[in-house]
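The structure appears below as structure tokens.
Values in this text are rule-based calculations from the coordinates and carry no lab data. Note that this is a predicted model, so its numbers are computed, not measured. Virtual Cβ from ideal backbone geometry, glycine too; neighbours counted across all protein chains shown.
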Amino acid sequence: MTEAFLSVRNLRVSYQVGRNFVHAVDGASFDIPKGSITGLVGESGCGKTTVARALTRVIADNATISGGQILFNGKDLARIPEKEMNALRWRDIAFIPQSAMNSLDPVYTVEYQLGEVLRRRGGMSRAQARKRSEELFDMVGIDPGRLTDYPHQFSGGMRQRVAIALALALDPKLIIADEPVTALDVIVQRQILDQLKELQTRLGLSVILVTHDISVVAYICDRTVVMYAGKVAESGSMQAALTAPSHPYTMGLRNAFPDLQGAASGVLTPIEGAPPNLANPPTGCRFKPRCPFALDLCGSEPPVVDVAPGHPVLCHRASESAALRIEAAKTETWMARA
Amino acid sequence: MNIATRKTDVLVSVHDARLHYRVGGAFAAMRGKSTVVKAVDGVTFDIRRGESVGLLGESGCGKTSMGRLLLKLEETTGGSIHFDGEELGKVQRKGLKTFRSRAQLIFQNPFDAINPRFSIRATLSEPLENAGIPRGEREGRIIKALELVRLPEPAQFLDRYPHQLSGGQLQRVVMARALILQPEFVVADEPVSMLDVSVRAGVLNVFRDVRDRLGLTAIYISHDLALVRYVCERTIVMYLGRIMEDGPTEDIVHQPLHPYTKALVAAVPVPNPDQSHDPLPIGRGAPDPRNPPSGCVFRDRCPSAHARCAAEVPQPRQVGTRTVACHLF
Amino acid sequence: MPEIAIPKSTISKTAGIRRPHIVVRIFQALKLPVNDPFAVAGLVIYLVFVVAAVFADQIATHDPTEILYTPSYDLAADLRPGQDGFLMGTTSLGRDIFSQLVYGSRSALLIGVTAAFMVALIGSIIGLVAGYFGRWVDAVLMRLADIAFGIPFLPFVIVLAAFLQPSIWNVVIAMALVLWRDTARVIRSQVLTLRTRGYVEAARVAGSSDFKIILRHIAPNILPLSFLYGSIAIGWAILTEASISFLGFGDPDSISWGYMLQDAFASQALAKQAYYWFVPPGVCIILVVSAGFFITAVMKTSFSRS
């Protein structure tokens, strides 16, 4: 099914910092197809976590959704009343926060915390909740005997599994996971990703995975949304974004990443400079100050160009992307600006 | 620094080094709960001058503790570490001062490694001041060090404070501080893990470049084999305080021998769509430093564990270019 | 990793080139909130009493210990406020209450500030040393703190006063000997977290001595905390002095608010309904002590926020 399951249109989220407004997300648009894993990638401060949180409307006190739409099941999540949104959370859309440790209360057993969700929000009886908890633990690969343990008795990876179980409690259709494996060691990371993929296929879930790591995207995602400085630089299938990136930022990101499968003599190429300060973003294309292909026209707002069906790119030079890709593969291209 | 005039080829020699902590207090001991954590447990290796060695392992494997032992930020509770022929345990006062200027640390978190109240000038002056460099010479040395780490127009940074710099710039300042006294030996503890992907490569390139230019001997501590491979020709794989495998990085990447290394190499994520999704050759669970298994510490997760692994600690054995601690070899 | 990295520099830059006034900068350095009504009220009260203490000679209408006579050469005892030109009346011995009050603020200030200084100084040094060096140094110093916690404070001051000459300094000595424990504990715990900061280790690797590290990298960070505990000690010192004097262990030669209360009590103020004997010193004690606590309470919340 290619029909969009969740559709974000021109989303804007602003933070109030003192007397200034910072647009952490400034006009993001993308679609999430049903039954897929979408990777939301970008560097710190690019707005990926803000987007993820805006989708569940669990945002900071000083933040507001200042524009755009979040279309889900015929409703605009950016506008529906809080009560209606609250009914959707957990039942339809579940959120796995960045640190599983913080999402679990250290003074209660895991069973109690799962039961709380199942009984309060799912309306289950004590016995039903118990049965469901065991089922959930089984699903995420933890011995149900450990239900009566406290969060501190679990290792980091186990806690992440508990967090996944908690998110799955009420059979949501969409799971949003914020950097679910970032704090974990590579082996545990791989095992958790495998688990997530297996559950996603088995339960037909849609998953949005927020990450800074393109190799995580490469491992489990079907689609990619690349964000830079509050805007979506490009979005499309994972294959296309990684093997044929069309935005210079994505090309640069690919070059900067070490690849264990690549040649030993390979040189990593950084993108010089740092992401812009969102309190005072550059006019026109926000990647312009770091982009080796920037032209004068990049000083004006870049257009969204579909380089292929379902592969929009926010770049003035998107039509030349095939040629730019060849240039971008050379280290000298990126060094020239340093 | 004239390397040729040195007597021996080995700069750092670690022999059966141990770092055991006592955790919990007298009460835990009375209740019979194991109270000794063996952060480093019988580690032996040599580092030759000019060599770059990666210390690879998961969190809790003892790699950071090992790095701290090498810099005498922690004292060994057993075994010995020699730096240029001198035993670190016996280095005191004046000797320690000299050692501090010869061996340096590059920190993991640049946002934490520089005092937020100090300007960049004050930050870089501190080691110079301690080494007794006269006031007049300091500024020149500072500028030189900042140029070395490729901070453009270094003079403009001198009076700035850490919060005015980006992560990549800060990490270069941290490197400049480590290099300003022209050390021979540098331990880098996950120097890019706190940085954004797009700037990591820049810092890594500076590290490689400076190391080659100054002929540094370097230890690079990381959990990421891909990064270790980028900067080190040799890799030491640690697990629960012990060395599992030690050898040329390329050999380890392409043909890991130890079952743990095999799992580790297979688990490293790669930024390519076509990659193996096979289950890892390793059991679930996590290493518990407070309660390691008997014999081989990896046996509870090892797919090829057999009876001997529980009974006997595997001793490191030479296998081709490598040293492996496993009963399979 | 902070999700939204907004360099502080760009925000504060809009404030322009003008540096804030020196007083404001001192307040900021000590984390004193200038915009909180309670803190401002506290500071104003302090200011009034400091002025009274400093200019006591000019403000007081009489010598506070002098036995006074009315213009008709009668002993000026038990005079009501305003009577015969005595602003707040006189005591049963014929001393001027207003002048006693003014000079009382001088002893209060003297005791408060010296005690605060001693407590903050001793507590900070012990806290720094214990927290930084750890191991047996920490163990010894913290066991000493435990012992200090076991000493009942008021009886200790009384016993001390019995051993030494009765003097207002007994309170200061007692506080220095006992109350450093609170400051030391809090500062120690702060140092324990500071010690793990990367830049402290970096200074070690850079070859800095322990003394230099404490002085340059750690002490500046705990200064506001020392100040906080010092200001708490001001209130405690004044209260303690008042209690001691009231119990009759105070210095009979110096005028303090506690002495005034004791004098009122001994002269059967309640039976004589001479409220003007004990209300003014009582109010002064309450004002100064609560002003101190207003300021410290606001400081504490601004700490926990930062």
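Once you mark the GluC sites (Glu not before Pro) that are in a DSSP loop and have at most 15 other Cβ atoms within 10 Å, what is the longest gap between them in chain B? Walk me through the numbers on the way to the answer.
Working: sites that count: B:GLU75, B:GLU233, B:GLU312.
The answer is B:76-232.
How high is the relative contact order of chain B, in percent, counting Cα pairs under 8 Å that sit 6 or more residues apart? Write out the running numbers ahead of the final one.
Values: 573 pairs, mean separation 66.8, N = 329.
Averaging sequence separation for qualifying contacts and normalising by length gives 20 percent for chain B.
Rounded if a/c is under 1.5, else prolate if a/b beats b/c, else oblate: with a ≥ b ≥ c from the C-alpha gyration tensor eigenvalues square-rooted, which is the stretch A:188-271? Show your work: numbers first, answer last.
Working: a/c = 2.30, a/b = 1.37, b/c = 1.68.
Cα axes put the stretch A:188-271 in the oblate bin.
How many percent of all Cα-Cα pairs in chain A sit more than 27 Å apart?
Details: 27124 of 56953 pairs.
Percent of Cα pairs beyond 27 Å in chain A: 48.
Two decimals is fine: what is log10 I(q)/I(0) at q = 0.05, 0.07, 0.08 Å⁻¹ for the protein assembly as shown, from a Debye sum with one equal scatterer on every Cα and no solvent?
-0.41, -0.75, -0.93
For the stretch A:245-335, with the dipole built from +1 on Lys and Arg beta-carbon atoms and -1 on Asp and Glu ones, taken about the Cα centre, which of A:HIS311, A:ALA279, A:SER300 lies farthest toward the positive end?
A:ALA279
Run lengths n ≥ 4 of DSSP H only: what is the helix-derived mean residue ellipticity at 222 nm for the protein assembly as shown, with -39500 (n - 2.57) per run over all residues, to the nearest 500? All intermediate terms of the calculation are to be shown ahead of the outcome.
On the way: 38 runs with 423 residues, N = 973.
When only DSSP H runs of four or more count, the value is -13000 deg cm²/dmol.
Would you mind checking the tilt of helix A:186-203 against the longest principal axis of the Cα atoms of chain A, expressed as 0 to 90 degrees and rounded to 10?
70
For chain A, please report how many Lys pairs fall under 27 Å Cα to Cα, leaving out neighbours fewer than 8 apart on the same chain.
Taking chain A as the scope, the lysine pair count is 23.
What distance in nm lies between label points placed 7 Å from Cα along the C-beta direction at B:VAL319 and A:GLU82?
6.1
Say R0 is 35 Å: what FRET efficiency, to the nearest 0.05, do A:LYS75 and A:VAL17 get from their beta-carbon distance? The partial results should precede the final answer.
Working: r = 31 Å, r/R0 = 0.88.
Efficiency, from the Cβ-Cβ distance: 0.70.
Pairs of Cα atoms under 8 Å, at least six residues apart: use those to get the relative contact order of chain A, whole percent. Spell out each step's value before the answer.
Numbers: 620 pairs, mean separation 63.7, N = 338.
Taking the mean separation of contacting Cα pairs over the length of chain A, I get 19 percent.
Please report, in Å, the Rg and the Dmax of the stretch C:21-305, where both are computed over Cα atoms only.
Every Cα atom of the stretch C:21-305 included, Rg and Dmax give 22.3, 81 Å.
Just to be sure I follow the rule: in chain B, considering lysines 8 or more places apart or on different chains, how many pairs have Cα atoms under 30 Å apart?
23
Once fully extended, how much extra length lies between C:LEU93 and C:ILE67, figured as 0.36 nm per residue of separation less the alpha-carbon to alpha-carbon distance?
Details: separation 26, 0.36 × 26 = 9.36 nm, distance 0.66 nm.
Taking C:LEU93 through C:ILE67 to full extension adds about 8.7 nm, to one decimal.
Tell me the label-point distance for the pair B:HIS254, B:ARG135, using the 7 Å Cα-to-Cβ offset, in nm and rounded to one decimal.
In this crude spin-label approximation the distance works out to 5.9 nm.
Can you give the extra length, in nm with one decimal, that the chain gains between A:GLU116 and A:GLU198 once fully stretched, where that is 0.36 nm per residue apart less the Cα-Cα distance?
Values: separation 82, 0.36 × 82 = 29.52 nm, distance 2.61 nm.
Taking 0.36 nm per residue and subtracting the Cα distance, the gain is 26.9 nm.
Would you work out which of C:LEU177, A:ALA87, B:PHE83 lies farthest towards the positive end of the dipole of the protein assembly as shown, given +1 charges on the beta-carbon of Lys and Arg and -1 on that of Asp and Glu, about the Cα centre?
Positive-most Cα among the choices belongs to B:PHE83.
Bin width 20 Å, alpha-carbon pairs only: give the P(r) of chain B as whole percents, running from 0 to the bin holding the largest distance.
Going from the shortest bin to the longest, the percentages are 29, 55, 15, 0.
How much of the DSSP bridge set in the protein assembly as shown is antiparallel, in percent, rounded to the nearest 5? Intermediate values should be presented prior to the final figure.
Working: 62 of 99 bridges.
Around 65 percent of the beta bridges assigned by DSSP in the protein assembly as shown are antiparallel ones.
Starting from the eigenvalues of the Cα gyration tensor, five times each then square-rooted, give me the equivalent ellipsoid semi-axes of the stretch C:82-223, largest first, whole Å. Present the calculation step by step, with values, prior to reporting the outcome.
Details: eigenvalues 377, 70, 19 Å².
Working from the Cα gyration tensor, I get semi-axes of 43, 19, 10 Å.
Taking the Cα centre of the stretch A:245-335 as the origin, how large is its charge dipole in debye, to the nearest 20, when only Lys and Arg (+1) and Asp and Glu (-1) carry charge on their Cβ atoms? Provide the component values of the computation, followed by the final result.
Numbers: 7 positive and 8 negative charges, 22 e Å.
Taking the Cα centre of the stretch A:245-335 as origin, the dipole is about 100 debye.
Any chance you could tell me what percent of the C-alpha pair distances in the stretch A:245-335 go past 16 Å? It would help to have the intermediate numbers written out before the result.
Numbers: 2339 of 4095 pairs.
Here the tail beyond 16 Å accounts for 57 percent of pairs.
What are the residues whose amide H is under 5 Å from the amide H of A:GLY39, where those residues sit 5 or more places off or on another chain and H is modelled from the backbone?
Here the answer is A:LEU209, A:ASP222, A:ARG223, A:THR224, A:VAL225, since their amide H atoms fall under 5 Å of that of A:GLY39.
Label B:ASP212 and C:GLN58 with points 7 Å out from Cα along Cα→Cβ: what is the distance between them in nm?
Using points 7 Å along Cα→Cβ, the separation is 7.6 nm.
As an exercise, identify the trypsin sites (Lys or Arg not before Pro) in the stretch A:1-51 lying in DSSP coil whose Cβ has no more than 12 other Cβ atoms within 10 Å.
Numbers: sites: A:ARG9, A:ARG12, A:ARG19, A:LYS34, A:LYS48; in loops: A:ARG19, A:LYS34.
Passing both the DSSP loop test and the Cβ count: A:ARG19.
Show the residues, 5+ positions off or on another chain, whose built amide H is closer than 5 Å to the amide H of B:VAL319.
B:VAL324
Return the long-range amide H neighbours of A:LEU260 (sequence gap of 5 or more, or a different chain), with a cut-off of under 5 Å between placed amide H atoms.
Hits under the 5 Å cutoff: none.
Where is the GNM fluctuation largest for chain B (alpha-carbon springs, 10 angstrom cutoff): B:ASP246, B:ASP274, B:ASP209?
Judging by the Gaussian network model, the answer is B:ASP274.
Within 10 Å of each Cβ in C:192-201, how many Cβ atoms from other chains are there, averaged over the peptide? It would help to have the intermediate numbers written out before the result.
On the way: counts 0, 0, 0, 0, 1, 5, 12, 12, 3, 7.
Partner-chain Cβ atoms within 10 Å, mean over residues of C:192-201: 4.
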